[in-house]
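Working notes, structure below.
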Amino acid sequence: MATTTTAGGRIDAPTRREQILKEAARLFAERGFHGVGVDEIGAAVGISGPGLYRHFPGKDAMLAELLVGISERLLDGGRLRAGEAGGDPRALLGALIDGHIDFALDDRPLIILHDRELDRLKDEDRKRVRKLQRQYVELWVATVRELYPDAPESEARTAVHAVFGLLNSTPHLAALGRRPMERLLRRLAHGAFGALAAG
């Protein structure tokens, strides 16, 4: 749902489909899935409610694409960072933290949606989200265990989930401004993993 940059450096505007998803995420997060009508989503992007059906069969499909899509994006981003880190677990952990901070600060409505609306997905979509999330967690746990080999797996796993809880709490935190929030979250996340070395 973000704009994309081409090889030539040009920034492409979001597609109509991306605009619809962005506004749907915002409205669902503000008022709940059942509190928003198709007409309102259409109005937010300047098309009629029925016009949305050229892009999505309904609100359920929008919610599924939002929640499955962000889970895919996080996992794909984590795998890309793993390739770029060249086998350096410290560099990879830093990159994973920075990537998740970007998600937490840029996609706050999706965090709220996941917390509130995941159970509204069809079973197949919900299972897909859970599978993607497990794979993402395992990437983090493997990285942490490589960096702190003396830490028991249970502690590494607990630290990963604690850091996710911290980073995903951003929709509920007072706004400090982007840079101060990034610095604070980065320090807290690294501190949580650093505690594994002290154990």
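The values are calculated or read from the model by the stated rules, or taken from the named source; none is laboratory data. The shown structure was predicted, so the numbers you read here are calculated from the model rather than taken from an experiment. Please note: Cβ atoms are built from the backbone with ideal geometry, for glycine as well, and neighbour counts cover all protein chains shown. For the accessible areas, the whole protein counts, side chains as well, though only heavy atoms, and no ligand, DNA or RNA atoms are used. Shrake-Rupley method; radii C 1.70, N 1.55, O 1.52, S 1.80 Å.
Within the range 105-147, the set of residues being under 11 Å from the mean Cα position of the chain (by Cα) and either surrounded by fewer than 16 Cβ atoms within 10 Å (Cβ to Cβ) or not aromatic (Phe, Trp, Tyr) (or both) comprises Leu105, Asp106, Asp107, Arg108, Pro109, Leu110, Ile111, Ile112, Leu113, His114, Gln133. As a summary of the residue check, Gly94 satisfies the conditions (1) modelled with pLDDT of 95 or more; (2) over 30 Å from Glu146 (Cβ atoms) except for the one numbered (2). Checked across the range 184-197, the condition of being open to solvent by less than 20 Å² (accessible area, probe 1.4 Å) and not hydrophobic (A, V, I, L, M, F, W, C) holds for no residue. Which residue is farthest from Asp106 (Cα to Cα), if the candidates are limited to the range 151-168 and must be touching a residue at least 40 places away in the same chain (Cβ under 8 Å) and part of a loop (DSSP other than H, G, I, E, B)? Filtering the range 151-168 for residues that are touching a residue at least 40 places away in the same chain (Cβ under 8 Å) and part of a loop (DSSP other than H, G, I, E, B), the one farthest from Asp106 (Cα to Cα) comes out as Ala151.
When the residues of the range 48-92 are filtered to those that are free of Cβ contacts under 8 Å to residues at least 24 places away in the same chain and outside any helix (DSSP H, G or I), the one that is surrounded by the most Cβ atoms within 10 Å (Cβ to Cβ) is Ala85.
Residues checked against (1) among the charged types (D, E, K, R); (2) within 26 Å of Arg26 (Cβ to Cβ):
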| position | (1), (2) |
| --- | --- |
| Gly99 | no, yes |
| Ala104 | no, yes |
| Asp125 | yes, yes |
| Trp140 | no, no |
| Gly165 | no, yes |
| Gly177 | no, yes |
| Met181 | no, yes |
| His190 | no, no |
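Quick one: is Asp102 open to solvent by 20 Å² or more (accessible area, probe 1.4 Å) and more than 9 Å from the chain's Cα centre (by Cα)? When the stated conditions are applied, Asp102 does not pass them.
Scanning the range 153-178 for residues that are at pLDDT 90 or above, open to solvent by 70 Å² or more (accessible area, probe 1.4 Å) and either of a type in the set (Phe, Trp, Tyr) or farther than 21 Å from Asp115 by Cβ (or both) turns up Glu153, Ser154, Glu155.
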